[in-house]
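Structure first, then comments.
The values are calculated or read from the model by the stated rules, or taken from the named source; none is laboratory data. Worth saying up front: this structure is predicted, and the values here are computed from it rather than measured. All Cβ positions, even for glycine, are placed from backbone atoms using ideal geometry, and neighbour counts span all protein chains on display.
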Amino acid sequence: MKVLIKDGGNLKRSIAEIFHDLVHKDLKNKKVFVKPNMLRIAKPEEYVSTHPRLISETVSFLLEVGADVLVGDNPIPQKVNEIEVAKKCGFLDAAQGRFKNVGRYIKRVKLPNRFVRETYISRDILECDLLISLPKFKTHELTTLSSAIKNHYGIVPGGLKPYYHYLCPNIKDFCELLLDIYRIRPPDIIIVDCLNIRDATGKSYNPEKIIAGDNGYAVDYVCGLIAGLKPFKDPVLRIAIEKKLFNSDTVEIVGEFEKLKDFALPITFPFRNLIVQFVTKMLFTFRAGWYPIVNYGMCTKCGSCENVCPRKAIKDRTIDYHKCIKCYCCIEVCPNGVMKKKFRI
């Protein structure tokens, strides 16, 4: 498994070399989906979302070779819709007119997981010819690092993410869920944004590198080495190795490898996992109490929410909360903004 470390100072050339080395087919007229990391509204200097430069150069390359490109992600629903989040992150411009609200179009998929037996995935991701993941290199309290496999959690509709955290507050259980979701439709190419990053203490680094490969486990392994993280200290990779999904001996690093000096990872201490799990459980128990509601006074009875609901939980403007999975597709699709979230006991 080859992992490439490329210069981020000349992204155009580096991206062309990555596709030349890793993609061995003609992309003309192929449906290519580009999935960045759009966690929330954030400027590039906040180091939490994929840098718009990487998105822009990737899209430019794909358009030059004649691909049919879509760009999108499924952030946790916020006060503004997904398109507005993309605009404020700089993703809308970077996508060059190719950004799509993918949270509206989802498909049910079965999962071999103890806690989550089925999930919903963006249809555009399942049906594309080539899936490209553009994660952000960053730390994460639960998974220690967040890159290729964690970024793939974004193929699930935004509203389901807090709910799954609620179902799997245990770090091991959550990491197993990440691996199960990753294997539904693994990306064909991963290009990690390691241009400008921040460690767990807030210290900033500017490596100006991108890390690429066609195997998420291998890419995460190399990202961990760069951060000074041993494979068995990475809870996701440890499970992948135990399940024989990945063998680090097969990884070949191509390019200039350089470990980040004094890069701080989330602090480990006795009972840390129990404390993190408790806090996570409390946080997502609160978030799990939010449900979509209809403002009947402003509703025009257009039927958009009813048509888009994957569980057919809405009928005649009435929501069956026993069926509702809180994907919030109804909120995303409502043309008049009359669908809102409200906390319900």
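General remarks:
- Taken over the range 299-319, the criterion of being closer than 15 Å to residue 106 by Cα and assigned to a loop (DSSP other than H, G, I, E, B) is satisfied by 309, 310, 311, 312, 313.
- Yes/no for residue 203 being surrounded by fewer than 19 Cβ atoms within 10 Å (Cβ to Cβ), under 16 Å from residue 47 (Cβ atoms) and charged (D, E, K, R): yes
- The residue that is surrounded by the most Cβ atoms within 10 Å (Cβ to Cβ), among those in the range 157-200 that are part of a helix (DSSP H, G or I) and of a type in the set (Lys, Arg), is 161.
- The helices (runs of 4 or more DSSP H) found entirely in the range 38-123 that carry 3 or more residues being modelled with pLDDT of 95 or more and either out of contact with any Phe, Trp or Tyr (no Cβ under 8 Å at 6 or more places or on another chain) or assigned by TED's automatic domain parsing to the domain that holds residue 180 (or both) are 52-64.
- Checking each residue in the range 206-235 for being assigned to a helix (DSSP H, G or I) and under 22 Å from residue 47 (Cα atoms) picks out 216, 219, 220, 221, 222, 223, 224, 225, 226, 227.
- When restricted to residues that are in a helix (DSSP H, G or I) and either under 17 Å from residue 254 (Cβ atoms) or not assigned by TED's automatic domain parsing to the domain that holds residue 210 (or both), the range 1-32 contains 10.
- Pair list, Cβ under 8 Å, 6 or more apart: the range 246-260 residue within 11 Å of residue 3 (Cβ to Cβ), other residue part of a loop (DSSP other than H, G, I, E, B): 250/1; 251/1; 252/1
- Residue check for residue 196: among the polar types (S, T, N, Q), over 16 Å from residue 142 (Cβ atoms) and assigned by TED's automatic domain parsing to the domain that holds residue 38: yes
- Within the range 212-236, the set of residues being more than 17 Å from the chain's Cα centre (by Cα), of a type in the set (A, V, I, L, M) and more than 25 Å from residue 11 (Cβ to Cβ) comprises 229 only.
- Test: residue 117 is basic (Lys, Arg) and either in contact with a helix residue (DSSP H, G or I) (Cβ under 8 Å, 6 or more places away or on another chain) or farther than 24 Å from residue 236 by Cβ (or both): no
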